[in-house]
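No value in this document is a laboratory result; all are computed from the given coordinates. All values derive from a computational prediction rather than experimental measurement. Backbone-built Cβ (ideal geometry, glycine too); neighbour counts: all protein chains shown.
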Amino acid sequence: MGISKKEVEHVARLARLGLNENEKELMAKQLSTILDYADILKKLDTQNVPPTSHAIPMKNIFREDKTEPCLEVEEILNNAPDQEEHMFRVPKIIE
Amino acid sequence: MFTKTAHELHSLLINRKISSMELTEAVFARIEKVEDKVRAFVTLTKEEAIKQARAADERIKNKDGVTPLTGIPLAIKDNFCTRGILTTCSSKILANHLPAYDATVVHKIKAAGGVILGKTNMDEFAMGSSTENSGLHPTHNPWDLKSVPGGSSGGSAAAVAADEAVLATGSDTGGSIRQPAAFCGVVGMKPTYGRVSRYGLVAFASSLDQIGPITKDVSDNALLLNFLAGHDDKDSTSVDLPVPDYQKSLVDNIKNVRIGFIQELLGKGIDAEIKEIFKSAMKKLEELGAKIIEISMPNYEYAVAAYYLIAPAEASSNLARFDGVKYGHRTREAKDLLTMYNNTRAEGFGNEVKRRIMLGTYALSAGYYDAYYLKALKVRTLIKQDFEKAFGQCDLLISPVTPSVAFKLGEKAADPLAMYLSDIATIPVNLAGLPAISIPCGFSKNLPVGLQIIGKAFAEETILRAAYTFEQNTDWHKRKPPLE
């Protein structure tokens, strides 16, 4: 089963990933090849097989709700592309 | 002295035959000499390293908390956060990223007195099998500069093979420690999922990622694993089990250990010379007293397909954090928020990362979730069950690490699926969360060949013992690449 350029555009929108026209064409071709290969999984009957999302059994881990030392705000903000008054600055969202 | 192993250097250091300062300077001189050819590093931290070496020498002089890692120069893969030192994941999107904290593993290495030489090159965000996907530059295989070192921990494996580092750390999501270790003729282990804290490791596929040691021999692998392993409150998937002293597993005896070879990994698609070399290694293990059993794992052939749905799905979610707001690159073209996201990610990510984000987003999207992502998770169960069944009959499993020796730079770059299929032997191990090692077991076309030894969950000791026994009775690990 192939994936069309229109589907590529839809997925790129979901992923917030800008693609140019060439990239869209190439992506449609390459994703189709990979998804065609993934079709071999259809040969397996998995109707009564439970899914495994973690190989080793996991359980939730809780801790006391008490304050512990954390990183300095300034140090964290040093990596921000744009900041102002201890906040990340982004383009205007609300008109 | 830069060619020696950490366990050899440790005794020279504590007997004051050499100082960490001399050793560190010798390793930097070696880097100076061969790095132009190999290009294993993305950042060198000589100034810091010299300070750490001086501190290590003080510690040794005062006999103050000396460990087997004290004064040993080592390299860290560039997806481990290092406080105040560039951590780029070999991606343009993190080109200027200076973490505010150390990964737990880095913290432990520093506390033990290790000397950090710098950060090693990798496939961008650990996505790849050749280190050609690095957004910075490719790395060359020290055995043949026209060939790839493997990936994604290609910089770490090449640095150790070229004697540019005594030890190195790597991370392994589908083979990213074992495959480059095999291609570069060094020893690389992926421990059991949960054995090592992932705190501060930039996440690729969280249910598969695991940190491990890349070293010149099996003894050093045990030595470094001792410092990596252990529970960490900061990683809730790290397992709270006691950590054995892995150096105690270095026993030259595998009498009556039951070793199964995976029949499906000696079939089509595996290079004929690799098969022959693997069979000789198997015979060696038998001569040394192991009981060899044939094992069938019928679902092995489905592992690559399942992995390339699961890993990209997790990656598409993990990499959503690179949005140009909190850290890393932000586009200059950002008139509104959506354009800012789209352009930042378009400019910052390389082709393979984009491909996997797209593949993962598709597999998780409405209408395709059941057919692709959920189906892959069910197949993951079948693969896990294959291993459980196999380990009912044997203590360890063996296979070749790779279907071929290191390929040429550029050879598979245009064909993503061909690149993906080169991970056929290593991927199933990550899906099942098991530990496995790659050790040198021969040469084909003057390039190293790796033997994979897989164990039950948390059976790193059994793996190390078998690997050590094989190594003590062979000389493959002693060969050095012709770099001069």
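Below are the figures for this structure:
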| item | result |
| --- | --- |
| Pairwise centroid distance, computed over Cα atoms, of the range B:165-241 with the range B:58-82, Å | 17 Å |
| Theoretical FRET efficiency, 1/(1+(r/R0)^6), r = Cβ-Cβ of B:LYS46 and B:LYS291, R0 60 Å, to 0.05 | 0.75 |
| Stretch gain in nm, segment B:LYS389-B:ARG321, where the contour uses 0.36 nm per residue and the Cα spacing is subtracted | 20.6 nm |
| Calculated FRET value between A:GLU85 and A:ARG13, using beta carbons and R₀ = 41 Å, to 0.05 | 0.80 |
| Cα gyration tensor shape of the range A:1-41, rounded if a/c is under 1.5, else prolate or oblate by comparing a/b with b/c | prolate |
| Angstrom value of the Kirkwood radius, inverse mean 1/r, which spans all Cα pairs in the range B:20-140 | 14.9 Å |
| Ratio of the Cα radius of gyration of the range B:300-420 to 2.2 N^0.38 Å, where N counts its residues | 1.38 |
| Links that overshoot a 21 Å alpha carbon limit, given the list B:LYS146/B:LYS412; A:LYS24/B:LYS408; B:LYS77/B:LYS216; B:LYS51/B:LYS234; B:LYS146/B:LYS279 | A:LYS24/B:LYS408; B:LYS51/B:LYS234; B:LYS146/B:LYS279 |
| Mean Cβ neighbour count within 10 Å, used as a protection proxy, ranking B:66-75, A:82-91, B:241-250 highest first | B:66-75, B:241-250, A:82-91 |
| Cα long-axis angle, helix A:5-14 against chain A (0 to 90 degrees, to the nearest 10) | 20 degrees |
| Alpha-carbon spread of chain B, three principal axes, descending order, Å | 64, 53, 44 |
| Anchor B:LYS4: aspartates and glutamates whose Cα lies under 13 Å away (excluding residues fewer than 8 positions away in-chain) | B:ASP163, B:GLU164, B:ASP217, B:ASP220 |
| log₁₀ of I(q)/I(0) at q = 0.11 Å⁻¹ - the protein assembly as shown, Debye sum with one point per alpha carbon | -0.99 |
| Net charge contributed by nearby residues that have their C-beta within less than 13 Å of B:GLY410 (K/R +1, D/E -1) | 0 |
